[in-house]
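Peer 1: I'd like to ask you about the structure that follows.
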Amino acid sequence: MPPRLAPYVLTALASCIITTQVCFVLLSPDPRLRSDCALVHSAAPLGAGTGPAPEAGLPPTRLLPAQRLPMQNRGNAILANGPQQSADTAACACTPNSTLADWNQAAPAYAPLRPEGLPVIYVITPSKPGPTQKADLTRLASTLRQVPALHWIVIEDQPAPTALVAALLERSGMRNSYSHLAVQSEAVSAGPRYKTARGVEQRNLGIAHLRELVSAAAAAAAQLKRSPQRPGDQQGESETSAPEGVVYFADDDNTYDLRVFEEMRFTQHVSVWPVGIVGGLMYEGPVVDLATRRVVRWHVGWKKQRQFPIDMAGFAIHARNFINTPGELLSRSSPRGYLESHLLARFVRQLAQLEPKADLCSTILVWHTRTEAPDLSQEEAHPSDPLVEV
């Protein structure tokens with residue numbers, strides 16, 4: 001080799017060695033080799049802080065946020081035993097075989113860590129079988145899993161819970177924070193189905209299950225209050241009473257801004273807000289007097305004669321109202337569009353009792369989008385494989 005070429009050859013050789021090492025680190029399936037890599041850290045969500053690195057052995061296709069703040073575990077444990085802090089929640093409990101980060105221990109980018117005694121939001125969702133059922137529930141799960149202190153009650157319009165929905169909920173990341181129930185709707189004896197209220201039996205079952213959850217939480221809190229206090233223990237108010245809660249009826253085909261859940265969380269009686277793209281209008285909902293900060297009338301075009309002309313997605317009710325009012329609260333005899341009004345009439349006598357949320361009902365945080373019926377006109381000529389779950 002000519003001496004004048006030696007420096008160039010050595011430089012090229014060194015560049016190859018460095019490139020090989022960098023590629024090995026970036027493509028390695030071992031997260032420990034990538035923990036200091038700026039590329040992986042840039043994939044962490046906004047607001048992520050310092051925390052434990054993921055476990056070794058994770059598949060290379062799973063880009064876990066390596067530095068997520070731990071969040072107190074919630075769900076059935078909180079509902080049954082009240083707020084409590086466990087040492088297990090000090091680090092992420094993700095398993096190598098999991099395909100999702102543990103949502104119960106991942107701090108949302110928009111909210112701080114869950115404080116003690118945060119009121120629980122009980123979301124009741126009726127679900128009917130059909131070609132879009134899985135897609136609708138998947139979309140809603142992706143929203144609800146980001147909300148702290150939330151319990152999702154899904155009720156299928158079926159004789160028994162189906163494997164499709166059970167598997168969807170299991171892998172949704174909402175571990176221990178959902179209930180899966182089923183009840184079949186009553187047959188409509190006369191008249192078109194669309195003229196009667198829908199989801200009545202499912203919502204009534206969800207309310208009954210809600211009462212069980214809240215009663216169990218109250219019993220556990222009472223038991224904790226009666227238990228002897230050990231020396232050095234400090235027993236606060238959040239440990240001696242059942243957690244506060246609010247009930248929200250969330251259809252699976254609506255679109256929800258995460259802020260709507262924080263707006264409703266501290267409802268004292270019945271809270272209301274506007275809903276977008278509903279009733280033939282860009283939005284409909286309460287109109288608030290800015291001087292008194294009270295609801296005085298409604299912006300609505302469809303069936304204005306209703307006492308409370310509001311969409312199901314536009315209000316939340318404190319859980320105590322359902323505990324203090326036994327029995328089935330929704331009726332199949334309610335005409336289409338009156339189900340919400342008849343329910344609110346059980347708890348509200350005048351507009352002044354309503355609590356306006358969402359910037360005094362001036363901000364849209366939920367949209368009545370509704371899923372379009374799919375075009376399946378080619379199925380008869382080109383049938384899809386029935387073994388493929390859609």
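The values are calculated or read from the model by the stated rules, or taken from the named source; none is laboratory data. Predicted model only: the values in this text are computed from it and were never measured. Here the Cβ positions follow ideal geometry from the backbone for every residue, glycine too, while neighbour counts run over all protein chains shown.
Peer 1: State whether the residues of region 293-310 include one that is closer than 30 Å to A218 by Cβ and among the hydrophobic types (A, V, I, L, M, F, W, C).
Peer 2: yes
Conditions tested, residue by residue: (1) among the aliphatic types (A, V, I, L, M); (2) outside the structural domain of P286 (by TED's automatic domain parsing); (3) at positive phi.
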position: A313; (1), (2), (3): yes, no, no
position: P356; (1), (2), (3): no, no, no
position: Q378; (1), (2), (3): no, yes, no
position: S384; (1), (2), (3): no, yes, no
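Peer 1: Related question: Would you call E389 touching a helix residue (DSSP H, G or I) at 6+ places or on another chain (Cβ under 7 Å) and assigned to a loop (DSSP other than H, G, I, E, B)? Spell out the reasoning first.
Peer 2: Numbers: touching a helix residue (DSSP H, G or I) at 6+ places or on another chain (Cβ under 7 Å): yes; assigned to a loop (DSSP other than H, G, I, E, B): yes.
Criteria met by E389.
Peer 1: Residues in region 314-335 that are under 16 Å from V200 (Cα atoms) and either of a type in the set (D, E) or surrounded by 13 or more Cβ atoms within 10 Å (Cβ to Cβ) (or both): how many?
Peer 2: Number of matching residues: 8.
Residue-wise test of (1) under 28 Å from T132 (Cβ atoms); (2) in the same structural domain as G206 (by TED's automatic domain parsing); (3) under 24 Å from the mean Cα position of the chain (by Cα).
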position: V272; (1), (2), (3): no, no, yes
position: V287; (1), (2), (3): no, no, no
position: T292; (1), (2), (3): no, no, no
position: L330; (1), (2), (3): yes, no, yes
position: L344; (1), (2), (3): no, no, yes
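Peer 1: Can you name the residue in region 151-187 that is at pLDDT below 95 and buried (at least 19 other Cβ atoms within 10 Å of the Cβ) and, of all such residues, is nearest to V120 (Cα to Cα)?
Peer 2: Among those residues, the one meeting the criterion is S177.
Peer 1: Go through region 286-301 and give me each residue that's outside any strand (DSSP E or B) and loosely packed, with under 13 Cβ neighbours inside 10 Å. Step through it out loud before you land on a result.
Peer 2: Keep residues of region 286-301 that are outside any strand (DSSP E or B), which gives 290-293, 300-301.
Correct list: L290, A291, T292, R293, G301.
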